[in-house]
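To start, the structure under review is shown below, and the notes come after it.
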Amino acid sequence: MSESTTAIINLTTGEVRVGETPPELVRAYLGGRGLNMAYLRRYLHAAGDPRQVDPLGPDNPLIFGAGLLTGTIAPNAARFNVSAKSPESGILGDANCGGFFAAAMRKAGFDRLVILGRAERPSLILLEDGRVHVQDASDLWGLENMPAQNALKERFGRGTISAVIGPAGENKVRMAGVMTGQKNTAGRGGMGAVMGSKNLKAVVARGGKAIAVAQKETLRAVRIQQQKYLKSSKIVQVLGHVGTPLLYEVSNRLGAIRTRNSQDNYFEDSLNAEEIEKYSDKMLACTSCVVHCRHRNTLGGEGPEYSTIGLLGANLGIAPTDQVITLNNLVNDLGLDASSVGTIIAWAMELYQRGLIGDDLTGGPLNWGDYETVHGLIEDIAHRRGFGDVLAESTRAIRFFPPEAQDYLIAVKGLPQSDPHDVRYFKGFALGIAVASRGADHLRNRPTLEVFKLPDEVREKIYGRPNDPDPTGYKDKGLIVAWGDDIFAVTDSLGICKFVTHGFNSPHLLGYDHFCDLIAAAAGLKFTPESLREVGRRALDTERLINADFGLSRADDTLPKRYFDDPMPARKTKGHHVDREQFQRMLDEYYEERGWDADGRVPTERQAEIEGLGERLETED
Amino acid sequence: MNVHVRLAEPFWRVVGQRNLDVELAAGSRMADLLAALLAQYPALAQEFADAPPLLFVGEDEADEATVLGDGRHVHLVWPIAGG
Ligand code: SF4
């Protein structure tokens, strides 16, 4: 088995320890998200009571973890996860990111960094040929995303690849992301703020050690075969042409686009993919990608994605295409999570519309579609100026608002909803964001196959037993969400992009069988589809335990009030909402599928196994 | 009668345009429209086989039996709802 290397870096003391990641932990969690979770739980416990750990204090471990396959020639193996206690939600924080950084980190000799403490002055971590150097970065403090990355290239050479924070991270904005390239963002949960709280401006990777691969020729053959399979898939072809903006027209036609904070459910055609395409001059890719889904836009940035179009466009009532693309570029320059920003500003706009907040707090009118105000407000959020300083608190801004403001917040577990899909129609989508371990997020489990009218036998083959095909009903949604949980956790632990993962927008992408072949060839580890799914289960159990450490329980697996109480207003989805009693039944079924008890607790024997594994991880104490 | 057809991604690519006007006999149904489209653009057959489109007339979801009227707007949408 190829060796995996972890560096434990204490920014307070300057101490660095580099060692092999325990092989049994790699076997149990693979890498990426899964292994990050094992380290996160271990280090939060080492710090004392996880509930007492200040997310923006030196005790919060910040973990960068590349997937097991990241940087190899496995298809779309580009990704890494950044994990910590989230300053946005106060619970498990974990963000997944593409681009080129993770492959560079592995080539520099590291699979995982556990960053502890707080540097005295603005600093950077340089990873080079298996060594870690902590250096002064005072000259970079204050720079936006690309200027910071460009300055690092000047300083360390053109082959340097960095993950940085922008002003938002420096100012500990709770929805700040970690950026690499123009738009790749480890966006969710405020990981950029954690980096800022550690006075860490950048992690820089330099050096070109080849990533060790168990069977080079076999891996090459598997790659060729899987690439051919993927390229024959319609979704891969379409994503390569237009990227994720293609989803907007479909959701909008259904009446499932979050619009004006989900008061409405459809918006203008000006945000259709064909309009976005007019501003696209090239499609780009991440490491080893066979899809090429990313736009470079003619307004000086990359993107936008479907999420950005929906949340900085429809959700704020902003229709002009160029304005939405400019806002997309702005959040990337400042280092913000577009999903949280679009959700939180829309929340504030509705509160203003309803007279629940006024000019005394906002500093002036806050109206739907007011591009200039939104542009200024995003800058103010990143720099914590005026009302921007209030919104920089994300969901925690509730303390500045009257209590009924909670009724209009589209968030779960303190995390604003990630994507622009109004989930009141597809009940599996609703359950998915309710139970997602990091809060309201579609990328943990979304059962996207619900929209296809797949034959019963195909659905049974995918999910393992017969299941109800009605996407608007409540039956069997626990089954399909738990299925999505596991395969997405495996994907995130391998470092593979979900756009080539079986079940995410297509049943004709890479599944457990394909992953087993890749893992055997790249890492020399033997898995069966069943034992690989077990890795996903273990990751989910570990995440559940982390959140239980923070005091979360069944009551936290819920939805925004609006999704229960307000029927969707128009189009095909008109009248749909989530029934509270039926929702509880979906939760029961989901827990049963997961093997958790009726309160959503992980059984003690599985907890004991996870704790045993965690004890194999060395900590500082 | 004339119906206005909009083809969303990816259907329009094999047709070359996103918006079409199609002449149909009075009283035609959605099935007649689909047959007319397939006759004129045979490459659509593979697209529809890969992913049968969601069909809308105006704001309402339709099926092959839906009767079309003169001047109605028909929207063929790929069944996808990811994120
Ligand atoms: S499909 Fe898109 S996000 Fe995924 S690896 Fe390729 S370019 Fe990156």
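Table for the structure above
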read-out: Relative contact order [Cα under 8 Å, 6+ residues apart], segment A:38-109, whole percent; value: 26 percent
read-out: Check: segment A:241-416 dipole with +1 on Lys, Arg Cβ and -1 on Asp, Glu Cβ, in debye; value: 500 debye
read-out: log10 of Debye I(q)/I(0), alpha-carbon scatterers only, for chain A at 0.08, 0.10, 0.12 Å⁻¹; value: -0.49, -0.81, -1.25
read-out: Rg/Rh ratio calculated on Cα atoms of segment A:5-206 (Kirkwood radius); value: 0.93
read-out: Sulfur and carbon atoms: percent of accessible area, segment B:2-77 [1.4 Å]; value: 51 percent
read-out: Amide H within-cut-off set for A:Asp419, under 5 Å, with H built and near neighbours excluded; value: A:His442
read-out: 19 Å Cα-Cα reach of A:Lys216 towards lysines, excluding residues that sit fewer than 8 places from it in its own chain; value: A:Lys107, A:Lys228, A:Lys526
read-out: Calculated Rg and Dmax of chain B using C-alpha coordinates, Å; value: 11.9, 40
read-out: Distance from segment A:202-268 to segment A:538-573 (C-alpha centre basis), Å; value: 25 Å
read-out: Two-site FRET efficiency, A:Gln406 against B:Ala43, from Cβ-Cβ distance with R₀ of 60 Å, rounded to 0.05; value: 0.70
read-out: Estimated FRET transfer efficiency when R0 is 25 angstrom, pair A:Lys209-A:Asp139 (beta carbons, to 0.05); value: 0.30
read-out: Global form of segment A:481-549, assessed from the alpha-carbon gyration tensor, a/c cut-off 1.5; value: oblate
read-out: Buried accessible area, chains B and A (both chains, 1.4 Å probe, Å² to nearest 100); value: 2400 Å²
read-out: A:Phe429 - accessible surface, heavy atoms, 1.4 Å probe, Å² rounded to 10; value: 0 Å²
read-out: Shielding of B:8-20 by partner chains, average beta-carbon count, 10 Å; value: 3
read-out: Helix-derived mean residue ellipticity, 222 nm - over chain A, DSSP H n ≥ 4, -39500 (n - 2.57), to 500; value: -12000 deg cm²/dmol
read-out: Ratio Rg/Rh, restricted to segment A:106-196 and using Cα atoms, in which Rh is the Kirkwood radius; value: 0.93
read-out: Note, ³J(HN,Hα) from phi for segment A:100-107, Karplus 6.51, -1.76, 1.60, rounded to Hz, x at Gly and Pro; value: 10, 5, 5, 5, 5, 4, 5, 5
read-out: In Hz, Karplus ³J(HN,Hα) per residue of segment A:287-296 (6.51, -1.76, 1.60; θ = phi - 60°; x = Gly, Pro); value: 3, 6, 7, 9, 9, 6, 9, 9, 7, 9
read-out: Projected area averaged over orientations for segment A:125-269, convex hull of C-alpha atoms, nm²; value: 12.9 nm²
read-out: Taking chain A and dividing mean pair separation by its residue count, relative contact order in percent (alpha carbons under 8 Å, at least six apart); value: 17 percent
read-out: Accessible area of segment A:241-416 belonging to carbon and sulfur atoms, whole % at 1.4 Å probe; value: 45 percent
read-out: Charged-residue dipole, Cβ positions (Lys, Arg, Asp, Glu), the protein assembly as shown about Cα centre, Debye nearest 20; value: 1660 debye
read-out: Prolate/oblate/rounded label for segment A:427-614 (Cα gyration tensor, a/c 1.5); value: oblate
read-out: Where the Cα pairs of segment A:364-495 fall when distances are cut into 10 Å bins, in %; value: 11, 31, 27, 19, 10, 2
read-out: Farthest toward positive dipole pole in chain A [+1 Lys/Arg, -1 Asp/Glu at C-beta], among A:Asn199, A:Val18, A:Ile257; value: A:Val18
read-out: Sequence of A:Tyr474, A:Tyr463 when ordered by accessible area, the most exposed leading, probe 1.4 angstrom; value: A:Tyr474, A:Tyr463
read-out: Dipole magnitude of segment B:2-77, debye to nearest 20 (Cβ charges: Lys/Arg +1, Asp/Glu -1, about Cα centre); value: 220 debye
read-out: Protein-protein interface of segment A:423-453, residues with accessible area decrease of at least 50 Å², isolated chain reference, 1.4 Å probe; value: A:Val451
read-out: Per residue accessible area of the protein assembly as shown, 1.4 Å probe, in Å²; value: 33 Å²
read-out: Directionally averaged shadow of segment A:453-511, computed from the convex hull of its alpha-carbon atoms, nm²; value: 4.0 nm²
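The values are calculated or read from the model by the stated rules, or taken from the named source; none is laboratory data. Source: prediction; values computed, not measured. In this analysis, Cβ positions are derived from the backbone assuming ideal geometry, glycine residues included, and neighbour counts consider all displayed protein chains. To get the accessible areas, we keep the full protein, side chains included, count just its heavy atoms, and leave off ligands, DNA and RNA. Shrake-Rupley method; radii C 1.70, N 1.55, O 1.52, S 1.80 Å.
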